[in-house]
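A quick write-up on the structure given underneath.
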């Protein structure tokens with residue numbers, strides 16, 4: 001059976017393979033990696049890749065798209081907020097205690113405006129949390145970015161740069177904390193060894209529940 005994958009080149013030393021949350025296979029290769037080396041690396045890990053692709057804990061590729069209609073539910077830190085379409089021409093989403101407000105005239109730009117709102121909230125909330133946890137763990141971070149990540153909820157580079165998807169602002173606070181600790185723990189342990197998970201458990205005792213929440217609810221965040 002043909003194994004399809006996305007090939008991403010970057011300034012790294014070795015070829016790495018990941019099976020992302022939506023079952024997509026991504027091969028991360030050095031900038032000067034030869035095609036035959038990439039193919040050989042994929043073949044060596046073919047059995048492992050298929051086991052991950054078929055893992056029932058990863059959700060399907062199909063996701064529910066938002067329609068931006070009155071009464072539609074949107075998540076923020078794990079809580080449901082209903083959408084109200086309002087009059088006016090302001091080009092932004094507004095949040096109240098119980099609902100989101102989106103100008104009816106900009107309904108066709110709903111995704112763009114919601115992404116801007118979630119990203120702004122992430123930039124306010126995530127950096128202070130990262131700084132506090134990093135001090136506790138004794139690690140240093142060079143930069144924190146919020147982006148529209150295609151494959152991951154978050155990532156940590158060898159240069160100590162952390163990147164988070166704006167989508168995680170929809171998840172409960174414990175999930176957010178889990179993702180922050182998960183990435184910071186990679187600064188102490190680069191792989192997912194037993195020691196790595198022990199580090200995560202010390203700082204987020206409920207990490208398994210948080211990880212399960214993402215497994216079963218991750219598709220709800222993908223729109």
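Scanning region 110-127 for residues that are without any contact (Cβ under 8 Å) to a residue 60 or more places away in the chain, more than 13 Å from residue 95 (Cα to Cα) and more than 16 Å from the chain's Cα centre (by Cα) yields a count of 3. Within region 189-204, the residues that satisfy the criterion of being more than 21 Å from residue 17 (Cβ to Cβ), part of a helix (DSSP H, G or I) and either in contact (Cβ under 8 Å) with a residue 60 or more places away in the chain or in contact with a helix residue (DSSP H, G or I) (Cβ under 8 Å, 6 or more places away or on another chain) (or both) are 199, 200, 201, 203.
Residue-by-condition table, conditions (1) modelled with pLDDT under 90; (2) in the same structural domain as residue 125 (by TED's automatic domain parsing):
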residue: 1; (1), (2): yes, no
residue: 10; (1), (2): yes, no
residue: 22; (1), (2): yes, no
residue: 59; (1), (2): yes, no
residue: 62; (1), (2): yes, no
residue: 67; (1), (2): no, no
residue: 82; (1), (2): no, yes
residue: 91; (1), (2): no, yes
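Tallying residues that are without any contact (Cβ under 8 Å) to a residue 24 or more places away in the chain and crowded, with 16+ Cβ neighbours inside 10 Å within region 205-223 yields 0.
The values are calculated or read from the model by the stated rules, or taken from the named source; none is laboratory data. Every value quoted in this text rests on a predicted model; they were computed, and no experiment measured them. Because the Cβ atoms are built from the backbone with ideal geometry, glycine has one as well, and the counts that use them run over all protein chains shown.
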